[in-house]
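The values are calculated or read from the model by the stated rules, or taken from the named source; none is laboratory data. If you're wondering where the values come from, they're calculated on a predicted model, not measured in any experiment. Neighbour counts run over all protein chains shown; Cβ positions are idealised from the backbone, glycine included. The accessibility values were calculated without ligands, DNA or RNA, using every heavy atom of the protein model including side chains. Shrake-Rupley method; radii C 1.70, N 1.55, O 1.52, S 1.80 Å.
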There are 2 protein chains.
Amino acid sequence: MQEQLIHREVVFAGRLITVYRDAVVLPDGEERVREIVHHPGAVAILAIKDDGCVVLVRQYRHAIGRMSLELPAGTVEPGESPEVCALRELEEETGYRARGLRELVRFAVSPGWTDEELVVFIAEELELGKPRPATDERLSVVELTANEVRAAIARGEISDAKSLIGLLGYFGWQLH
Amino acid sequence: MQEQLIHREVVFAGRLITVYRDAVVLPDGEERVREIVHHPGAVAILAIKDDGCVVLVRQYRHAIGRMSLELPAGTVEPGESPEVCALRELEEETGYRARGLRELVRFAVSPGWTDEELVVFIAEELELGKPRPATDERLSVVELTANEVRAAIARGEISDAKSLIGLLGYFGWQLH
(Lines give C-alpha, C1' and ligand atoms only; values in the text may rest on other atoms or scores of the structure.)
Protein backbone atom coordinates (compact mmCIF):
# COMPACT_ATOMS: atom_id res chain seq x y z
CA MET A 1 0.00 0.00 0.00
CA GLN A 2 3.02 2.30 -0.16
CA GLU A 3 3.29 5.32 -2.40
CA GLN A 4 6.33 5.72 -4.64
CA LEU A 5 7.95 9.14 -4.86
CA ILE A 6 8.69 9.93 -8.51
CA HIS A 7 9.57 13.64 -8.35
CA ARG A 8 10.32 16.15 -5.60
CA GLU A 9 10.45 19.92 -6.00
CA VAL A 10 11.50 22.28 -3.19
CA VAL A 11 8.95 25.09 -3.42
CA PHE A 12 10.00 26.94 -0.24
CA ALA A 13 13.11 26.65 1.90
CA GLY A 14 12.67 28.73 5.02
CA ARG A 15 14.46 29.10 8.32
CA LEU A 16 12.15 26.70 10.15
CA ILE A 17 10.30 24.76 7.47
CA THR A 18 10.90 23.37 3.97
CA VAL A 19 7.99 22.80 1.60
CA TYR A 20 8.06 20.09 -1.05
CA ARG A 21 5.75 19.45 -3.96
CA ASP A 22 6.02 15.70 -4.44
CA ALA A 23 4.65 13.62 -7.30
CA VAL A 24 3.80 10.12 -6.08
CA VAL A 25 2.34 6.97 -7.61
CA LEU A 26 -0.43 5.32 -5.61
CA PRO A 27 -0.68 1.51 -5.26
CA ASP A 28 -3.28 1.39 -8.05
CA GLY A 29 -0.98 3.26 -10.46
CA GLU A 30 -2.67 6.64 -10.24
CA GLU A 31 -0.45 9.72 -9.82
CA ARG A 32 -0.98 12.40 -7.22
CA VAL A 33 0.70 15.62 -6.16
CA ARG A 34 1.31 16.00 -2.41
CA GLU A 35 2.35 19.23 -0.72
CA ILE A 36 4.52 18.30 2.24
CA VAL A 37 5.98 20.52 4.96
CA HIS A 38 9.20 19.32 6.55
CA HIS A 39 9.66 20.45 10.15
CA PRO A 40 12.69 19.52 12.32
CA GLY A 41 10.57 18.13 15.16
CA ALA A 42 9.71 19.42 18.60
CA VAL A 43 9.37 18.53 22.26
CA ALA A 44 6.94 19.44 25.02
CA ILE A 45 7.44 19.07 28.76
CA LEU A 46 4.78 18.12 31.30
CA ALA A 47 6.49 19.59 34.37
CA ILE A 48 4.95 18.51 37.67
CA LYS A 49 6.00 20.22 40.91
CA ASP A 50 6.34 18.34 44.19
CA ASP A 51 3.00 19.82 45.28
CA GLY A 52 1.32 18.40 42.15
CA CYS A 53 0.99 21.73 40.31
CA VAL A 54 1.60 21.76 36.55
CA VAL A 55 3.92 24.41 35.07
CA LEU A 56 2.41 25.99 31.93
CA VAL A 57 3.27 28.96 29.74
CA ARG A 58 0.91 31.55 28.29
CA GLN A 59 1.95 33.30 25.11
CA TYR A 60 0.60 34.95 21.99
CA ARG A 61 0.56 32.64 18.98
CA HIS A 62 0.76 34.59 15.76
CA ALA A 63 -0.23 31.59 13.60
CA ILE A 64 -3.64 31.29 15.29
CA GLY A 65 -3.94 34.97 16.24
CA ARG A 66 -4.64 34.52 19.94
CA MET A 67 -3.17 33.85 23.37
CA SER A 68 -2.60 30.21 24.18
CA LEU A 69 -1.91 28.34 27.44
CA GLU A 70 0.38 25.40 26.71
CA LEU A 71 2.97 22.99 28.00
CA PRO A 72 6.49 24.44 27.72
CA ALA A 73 7.82 23.36 24.33
CA GLY A 74 10.26 24.09 21.57
CA THR A 75 11.80 23.05 18.30
CA VAL A 76 14.70 20.59 18.25
CA GLU A 77 17.90 22.27 17.07
CA PRO A 78 20.28 20.62 14.58
CA GLY A 79 22.22 17.81 16.27
CA GLU A 80 20.26 18.15 19.52
CA SER A 81 18.58 15.15 21.15
CA PRO A 82 14.94 15.49 22.20
CA GLU A 83 15.97 15.06 25.87
CA VAL A 84 18.56 17.86 25.77
CA CYS A 85 16.10 20.05 23.91
CA ALA A 86 13.44 19.40 26.56
CA LEU A 87 15.73 20.31 29.47
CA ARG A 88 16.90 23.46 27.66
CA GLU A 89 13.41 24.64 26.72
CA LEU A 90 12.03 23.94 30.20
CA GLU A 91 14.67 26.11 31.82
CA GLU A 92 14.55 28.85 29.16
CA GLU A 93 10.78 29.17 29.32
CA THR A 94 10.04 28.53 33.00
CA GLY A 95 13.29 28.80 34.95
CA TYR A 96 12.96 25.22 36.23
CA ARG A 97 15.57 22.50 35.96
CA ALA A 98 14.41 18.89 36.03
CA ARG A 99 16.50 16.13 37.61
CA GLY A 100 15.03 13.57 35.29
CA LEU A 101 12.83 13.15 32.25
CA ARG A 102 10.59 10.27 31.21
CA GLU A 103 9.15 10.01 27.72
CA LEU A 104 5.36 9.89 27.87
CA VAL A 105 4.44 9.68 24.18
CA ARG A 106 5.52 10.76 20.71
CA PHE A 107 3.12 11.65 17.92
CA ALA A 108 2.77 13.07 14.41
CA VAL A 109 1.01 16.44 14.56
CA SER A 110 -0.78 16.15 11.18
CA PRO A 111 0.58 13.29 9.06
CA GLY A 112 -1.54 14.11 6.00
CA TRP A 113 0.78 16.96 5.09
CA THR A 114 3.68 17.41 7.55
CA ASP A 115 6.38 15.19 9.04
CA GLU A 116 6.55 17.13 12.31
CA GLU A 117 6.93 14.68 15.19
CA LEU A 118 6.61 15.82 18.78
CA VAL A 119 7.91 14.04 21.87
CA VAL A 120 6.22 14.74 25.22
CA PHE A 121 8.33 14.25 28.35
CA ILE A 122 7.33 14.14 32.00
CA ALA A 123 9.65 16.25 34.18
CA GLU A 124 9.61 15.85 37.95
CA GLU A 125 11.87 16.80 40.88
CA LEU A 126 12.06 20.38 39.64
CA GLU A 127 14.47 22.94 41.04
CA LEU A 128 14.89 26.59 40.22
CA GLY A 129 17.70 27.25 37.75
CA LYS A 130 18.60 30.56 36.18
CA PRO A 131 15.71 32.95 36.78
CA ARG A 132 13.91 34.29 33.73
CA PRO A 133 14.30 38.01 33.02
CA ALA A 134 11.44 39.81 34.77
CA THR A 135 11.04 42.09 31.78
CA ASP A 136 10.10 39.30 29.38
CA GLU A 137 6.66 40.27 28.11
CA ARG A 138 6.49 37.52 25.52
CA LEU A 139 5.69 34.58 27.75
CA SER A 140 4.30 34.18 31.26
CA VAL A 141 4.66 31.16 33.51
CA VAL A 142 1.43 29.86 35.05
CA GLU A 143 1.35 27.16 37.74
CA LEU A 144 -2.01 25.42 38.11
CA THR A 145 -3.38 22.59 40.22
CA ALA A 146 -4.63 19.52 38.35
CA ASN A 147 -8.23 20.66 38.86
CA GLU A 148 -7.41 24.10 37.48
CA VAL A 149 -5.75 22.52 34.45
CA ARG A 150 -8.81 20.39 33.82
CA ALA A 151 -11.04 23.47 34.01
CA ALA A 152 -8.77 25.33 31.56
CA ILE A 153 -9.14 22.45 29.10
CA ALA A 154 -12.93 22.49 29.54
CA ARG A 155 -12.97 26.25 28.81
CA GLY A 156 -10.87 25.74 25.66
CA GLU A 157 -8.04 27.83 27.11
CA ILE A 158 -5.68 24.88 26.68
CA SER A 159 -6.40 23.68 23.15
CA ASP A 160 -3.27 22.64 21.28
CA ALA A 161 -2.34 19.08 20.38
CA LYS A 162 0.80 18.60 22.50
CA SER A 163 -0.78 20.03 25.66
CA LEU A 164 -3.98 18.00 25.30
CA ILE A 165 -2.11 14.76 24.57
CA GLY A 166 0.34 15.28 27.43
CA LEU A 167 -2.30 16.24 29.97
CA LEU A 168 -4.98 13.72 28.95
CA GLY A 169 -2.38 10.96 28.68
CA TYR A 170 -0.94 11.74 32.10
CA PHE A 171 -4.10 12.39 34.10
CA GLY A 172 -6.52 10.08 32.24
CA TRP A 173 -9.28 12.69 31.93
CA GLN A 174 -12.31 12.24 29.71
CA LEU A 175 -13.49 15.18 27.61
CA HIS A 176 -17.21 14.34 27.54
CA MET B 1 1.29 40.64 24.73
CA GLN B 2 0.06 40.57 21.13
CA GLU B 3 2.32 40.69 18.11
CA GLN B 4 1.65 43.23 15.37
CA LEU B 5 1.87 42.09 11.76
CA ILE B 6 3.83 44.66 9.76
CA HIS B 7 4.45 42.79 6.50
CA ARG B 8 3.17 39.60 4.87
CA GLU B 9 4.67 37.86 1.87
CA VAL B 10 3.08 34.82 0.21
CA VAL B 11 6.03 32.50 -0.43
CA PHE B 12 4.03 29.47 -1.60
CA ALA B 13 0.41 29.15 -2.71
CA GLY B 14 -0.43 25.49 -3.17
CA ARG B 15 -3.56 23.45 -3.66
CA LEU B 16 -3.88 22.59 0.03
CA ILE B 17 -1.64 25.01 1.90
CA THR B 18 -0.46 28.61 1.65
CA VAL B 19 2.85 29.66 3.22
CA TYR B 20 3.42 33.18 4.51
CA ARG B 21 6.58 34.90 5.60
CA ASP B 22 5.33 37.42 8.14
CA ALA B 23 7.29 40.23 9.77
CA VAL B 24 5.90 40.97 13.23
CA VAL B 25 6.73 43.34 16.08
CA LEU B 26 6.90 41.76 19.53
CA PRO B 27 5.49 43.51 22.63
CA ASP B 28 9.00 44.74 23.54
CA GLY B 29 9.48 46.32 20.11
CA GLU B 30 11.76 43.68 18.66
CA GLU B 31 11.05 42.48 15.12
CA ARG B 32 10.80 38.83 14.10
CA VAL B 33 10.14 36.85 10.96
CA ARG B 34 7.57 34.06 11.28
CA GLU B 35 6.97 31.34 8.70
CA ILE B 36 3.30 30.42 8.86
CA VAL B 37 1.43 27.68 7.03
CA HIS B 38 -2.26 28.31 6.39
CA HIS B 39 -4.36 25.15 6.23
CA PRO B 40 -8.14 25.12 5.64
CA GLY B 41 -8.88 22.99 8.72
CA ALA B 42 -9.88 19.39 9.17
CA VAL B 43 -12.17 17.01 11.02
CA ALA B 44 -11.81 13.57 12.54
CA ILE B 45 -14.56 11.14 13.51
CA LEU B 46 -14.55 8.81 16.51
CA ALA B 47 -17.10 6.32 15.18
CA ILE B 48 -18.40 3.87 17.79
CA LYS B 49 -20.50 0.89 16.71
CA ASP B 50 -23.40 -0.43 18.80
CA ASP B 51 -21.15 -3.26 20.00
CA GLY B 52 -18.56 -0.74 21.24
CA CYS B 53 -16.02 -1.31 18.46
CA VAL B 54 -14.18 1.71 17.07
CA VAL B 55 -13.97 2.19 13.29
CA LEU B 56 -10.43 3.12 12.20
CA VAL B 57 -8.64 3.43 8.86
CA ARG B 58 -5.18 2.21 7.97
CA GLN B 59 -3.33 4.03 5.18
CA TYR B 60 0.11 4.95 3.96
CA ARG B 61 1.13 8.49 4.92
CA HIS B 62 3.65 9.89 2.48
CA ALA B 63 4.58 12.82 4.76
CA ILE B 64 5.86 10.49 7.50
CA GLY B 65 6.83 7.62 5.17
CA ARG B 66 4.92 4.85 6.90
CA MET B 67 1.56 3.17 7.43
CA SER B 68 -0.66 4.79 10.02
CA LEU B 69 -3.79 3.64 11.87
CA GLU B 70 -6.03 6.64 12.50
CA LEU B 71 -9.51 7.93 13.08
CA PRO B 72 -11.31 8.60 9.78
CA ALA B 73 -10.61 12.22 8.89
CA GLY B 74 -10.42 14.77 6.13
CA THR B 75 -9.90 18.36 5.11
CA VAL B 76 -12.80 20.79 5.20
CA GLU B 77 -13.76 21.91 1.68
CA PRO B 78 -14.53 25.55 0.83
CA GLY B 79 -17.93 26.54 2.19
CA GLU B 80 -18.38 23.22 3.99
CA SER B 81 -19.25 23.05 7.70
CA PRO B 82 -17.18 20.74 9.92
CA GLU B 83 -20.29 18.61 10.59
CA VAL B 84 -21.07 18.08 6.89
CA CYS B 85 -17.40 17.36 6.25
CA ALA B 86 -17.36 14.77 9.05
CA LEU B 87 -20.44 12.91 7.75
CA ARG B 88 -19.03 12.95 4.20
CA GLU B 89 -15.55 11.74 5.18
CA LEU B 90 -16.93 9.02 7.46
CA GLU B 91 -19.01 7.56 4.65
CA GLU B 92 -16.33 7.98 1.97
CA GLU B 93 -13.63 6.33 4.05
CA THR B 94 -15.57 3.65 5.96
CA GLY B 95 -18.97 3.20 4.29
CA TYR B 96 -20.78 4.13 7.52
CA ARG B 97 -23.45 6.79 7.91
CA ALA B 98 -23.97 8.32 11.33
CA ARG B 99 -27.41 9.41 12.56
CA GLY B 100 -25.88 12.02 14.78
CA LEU B 101 -22.62 13.75 15.62
CA ARG B 102 -21.45 15.31 18.86
CA GLU B 103 -18.40 17.56 19.01
CA LEU B 104 -15.84 16.15 21.44
CA VAL B 105 -13.03 18.71 21.19
CA ARG B 106 -11.31 21.11 18.80
CA PHE B 107 -7.60 21.84 18.84
CA ALA B 108 -4.70 23.56 17.06
CA VAL B 109 -2.33 20.95 15.63
CA SER B 110 0.88 22.98 16.04
CA PRO B 111 0.18 26.66 16.81
CA GLY B 112 3.82 27.74 16.67
CA TRP B 113 3.75 27.67 12.88
CA THR B 114 0.37 26.63 11.43
CA ASP B 115 -3.25 27.71 11.85
CA GLU B 116 -4.66 24.23 11.17
CA GLU B 117 -7.56 23.57 13.53
CA LEU B 118 -9.08 20.13 13.81
CA VAL B 119 -12.53 19.26 15.18
CA VAL B 120 -13.10 15.75 16.58
CA PHE B 121 -16.67 14.45 16.48
CA ILE B 122 -18.22 11.40 18.13
CA ALA B 123 -20.41 9.45 15.72
CA GLU B 124 -22.81 6.81 17.03
CA GLU B 125 -25.87 4.91 15.73
CA LEU B 126 -23.96 3.94 12.60
CA GLU B 127 -25.60 2.33 9.58
CA LEU B 128 -24.09 1.09 6.35
CA GLY B 129 -24.36 3.59 3.52
CA LYS B 130 -22.86 3.26 0.08
CA PRO B 131 -20.30 0.42 0.18
CA ARG B 132 -16.69 1.33 -0.54
CA PRO B 133 -15.19 -0.06 -3.75
CA ALA B 134 -13.59 -3.40 -2.91
CA THR B 135 -10.67 -2.58 -5.19
CA ASP B 136 -9.53 0.42 -3.13
CA GLU B 137 -5.99 -0.41 -2.11
CA ARG B 138 -5.30 3.02 -0.63
CA LEU B 139 -7.12 2.66 2.65
CA SER B 140 -8.42 -0.24 4.71
CA VAL B 141 -11.12 -0.13 7.37
CA VAL B 142 -10.24 -1.72 10.72
CA GLU B 143 -12.77 -2.28 13.49
CA LEU B 144 -11.24 -2.80 16.94
CA THR B 145 -12.57 -3.29 20.45
CA ALA B 146 -11.65 -0.65 23.00
CA ASN B 147 -9.00 -2.97 24.47
CA GLU B 148 -7.50 -3.55 21.02
CA VAL B 149 -7.40 0.20 20.40
CA ARG B 150 -5.62 0.75 23.70
CA ALA B 151 -3.05 -1.89 22.79
CA ALA B 152 -2.50 -0.27 19.36
CA ILE B 153 -1.78 3.05 21.12
CA ALA B 154 0.66 1.33 23.49
CA ARG B 155 2.47 -0.22 20.49
CA GLY B 156 2.72 3.18 18.76
CA GLU B 157 0.58 1.95 15.87
CA ILE B 158 -1.89 4.76 16.55
CA SER B 159 0.32 7.82 16.95
CA ASP B 160 -1.14 10.92 15.34
CA ALA B 161 -2.54 13.90 17.22
CA LYS B 162 -6.22 13.70 16.22
CA SER B 163 -6.49 9.97 16.94
CA LEU B 164 -4.74 10.21 20.32
CA ILE B 165 -6.79 13.23 21.43
CA GLY B 166 -10.08 11.69 20.29
CA LEU B 167 -9.39 8.28 21.85
CA LEU B 168 -7.78 9.48 25.09
CA GLY B 169 -10.45 12.16 25.53
CA TYR B 170 -13.27 9.67 24.97
CA PHE B 171 -12.00 6.67 26.92
CA GLY B 172 -9.98 8.46 29.64
CA TRP B 173 -6.90 6.26 29.27
CA GLN B 174 -3.56 7.10 30.85
CA LEU B 175 -0.39 6.62 28.82
CA HIS B 176 1.99 5.80 31.68
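Kindly indicate whether any position in segment A:93-113 is in a helix (DSSP H, G or I), without any contact (Cβ under 8 Å) to a residue 60 or more places away in the chain and among the charged types (D, E, K, R). Walk me through how you get there before you give the answer.
First pass over segment A:93-113, keeping only residues in a helix (DSSP H, G or I): A:93-94.
Filter again for without any contact (Cβ under 8 Å) to a residue 60 or more places away in the chain, leaving A:93-94.
Checking which are among the charged types (D, E, K, R) leaves us with A:93.
Scanning segment A:93-113, I find at least one residue that is in a helix (DSSP H, G or I), without any contact (Cβ under 8 Å) to a residue 60 or more places away in the chain and among the charged types (D, E, K, R), so the answer is yes.
Could you look through segment B:56-113, keep only residues that are among the polar types (S, T, N, Q) and over 13 Å from the mean Cα position of the chain (by Cα), and pick out the one that is farthest from B:Glu124 (Cα to Cα)? Please lay out each step first, then the result.
Kept after step one, since they are among the polar types (S, T, N, Q), are these residues of segment B:56-113: B:59, B:68, B:75, B:81, B:94, B:110.
From what is left, the residues that are over 13 Å from the mean Cα position of the chain (by Cα) are B:59, B:81, B:94.
Values: B:Gln59: 23, B:Ser81: 19, B:Thr94: 14 Å.
Per the criteria, the residue is B:Gln59.
Can you name the condition, by its number, that B:Asp22 falls short on among (1) over 23 Å from A:Thr75 (Cβ atoms); (2) charged (D, E, K, R); (3) at pLDDT 95 or above?
(1)
Cβ-Cβ below 7 Å, separation at least six or inter-chain, first residue in segment B:3-27 and farther than 29 Å from A:Ala23 by Cβ and at the interface with another protein chain (Cβ under 10 Å from one of its Cβ atoms), second among the hydroxyl-bearing types (Ser, Thr, Tyr) and buried (at least 17 other Cβ atoms within 10 Å of the Cβ): which pairs?
Note: pairs meeting the criteria are B:Glu3/A:Tyr60.
Given the condition among the charged types (D, E, K, R) and part of a loop (DSSP other than H, G, I, E, B), answer yes or no: does some residue in segment A:124-134 qualify?
If we filter segment A:124-134 for residues that are among the charged types (D, E, K, R), which is where we start, we get A:124-125, A:127, A:130, A:132.
If we keep only those that are part of a loop (DSSP other than H, G, I, E, B) too, we end up with A:130, A:132.
The answer is yes, given that some residue of segment A:124-134 is among the charged types (D, E, K, R) and part of a loop (DSSP other than H, G, I, E, B).
Restricting attention to segment B:160-174, report how many residues are open to solvent by 20 Å² or more (accessible area, probe 1.4 Å) and within 20 Å of A:Ala44 (Cα to Cα).
Summing the residues that are open to solvent by 20 Å² or more (accessible area, probe 1.4 Å) and within 20 Å of A:Ala44 (Cα to Cα) in segment B:160-174 gives 2.
Identify, by number, the condition in (1) open to solvent by 70 Å² or more (accessible area, probe 1.4 Å); (2) part of a loop (DSSP other than H, G, I, E, B); (3) at pLDDT 95 or above that B:Asp28 doesn't meet.
(3)
Counting only residues that are within 11 Å of chain B (Cβ to nearest Cβ), closer than 14 Å to A:Val119 by Cα and assigned to a strand (DSSP E or B), which one in segment A:33-88 is most open to solvent (accessible area, probe 1.4 Å)?
A:Thr75
Each row is one residue, and each column tells you yes or no for (1) at pLDDT below 95; (2) basic (Lys, Arg); (3) touching a His at 6+ places or on another chain (Cβ under 9 Å).
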residue	(1), (2), (3)
B:His39	no, no, no
B:Arg61	no, yes, no
B:Ser68	no, no, no
B:Tyr96	no, no, no
B:Arg102	no, yes, yes
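Restricting to segment B:114-143, and then to whatever is more than 12 Å from chain A (Cβ to nearest Cβ) and touching a helix residue (DSSP H, G or I) at 6+ places or on another chain (Cβ under 7 Å), can you tell me which residue is most open to solvent (accessible area, probe 1.4 Å)?
Our first condition is that a residue be more than 12 Å from chain A (Cβ to nearest Cβ); within segment B:114-143, this holds for B:123, B:125-132, B:134, B:141-143.
When the remaining residues are screened for being touching a helix residue (DSSP H, G or I) at 6+ places or on another chain (Cβ under 7 Å), the result is B:123, B:129-130, B:141.
Values: B:Ala123: 0, B:Gly129: 19, B:Lys130: 145, B:Val141: 52 Å².
My answer is B:Lys130.
Mind checking which residues of segment A:89-113 are open to solvent by less than 30 Å² (accessible area, probe 1.4 Å) and of a type in the set (Asp, Glu)?
Correct list: A:Glu89, A:Glu93.
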